[in-house]
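The numbers here are math on the coordinates, done by the rules we state, and not lab data. Every value quoted in this text rests on a predicted model; they were computed, and no experiment measured them.
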């Protein structure tokens with residue numbers, strides 16, 4: 001199902017105006033030097049949390065939390081993301097997504113399930129490869145940004161200032 005590398009049980013800052021749990025998805029294709037979650041970069045984590053345990057926790061938090069945010073790593077790299085989002089929606093939670101725009105096709109698949117999305121712009125698109133160490137990352141990020149803008153979903157775009 002979903003490979004989960006971490007869970008924040010309650011956050012007041014990861015979904016605007018809502019109390020949210022944050023599910024940190026394992027795996028990221030990019031290797032940004034300033035990554036704040038480098039332990040989530042490998043596809044498999046040392047101490048993954050089974051999705052069934054996350055669902056059990058969320059069941060107990062109905063009525064206490066407003067939303068569930070899928071973050072990472074990069075959640076859109078996981079084929080089980082859409083199914084997990086559907087399960088969370090069926091529990092009555094809003095669905096948030098934090099992405100860097102790594103996988104535009106999968107982003108297009110899950111956007112209809114998302115109530116709010118935040119995208120991290122790692123650099124100007126033509127400088128992206130220098131930051132991510134991955135060829136073509138700027139084009140993927142640009143495509144993802146355009147998908148989000150066209151989706152009509154509530155969104156935020158973040159940038160990182162590297163020293």
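Computed values, structure above
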read-out	value
Nearest 10 degrees, 0 to 90: helix 137-151 Cα axis against the chain principal axis	50 degrees
Relative contact order [Cα under 8 Å, 6+ residues apart], the chain, whole percent	21 percent
Helix-only mean residue ellipticity at 222 nm for the chain, each DSSP H run of n ≥ 4 adding -39500 (n - 2.57), per residue, nearest 500	-8500 deg cm²/dmol
Along each principal axis, Cα extent of region 34-163, largest first, Å	45, 37, 26
Between 0 and 90°, nearest 10: helix 51-60 axis offset from the chain longest Cα axis	50 degrees
Helix axis angle, 81-90 relative to the chain longest principal axis, alpha carbon, degrees	30 degrees
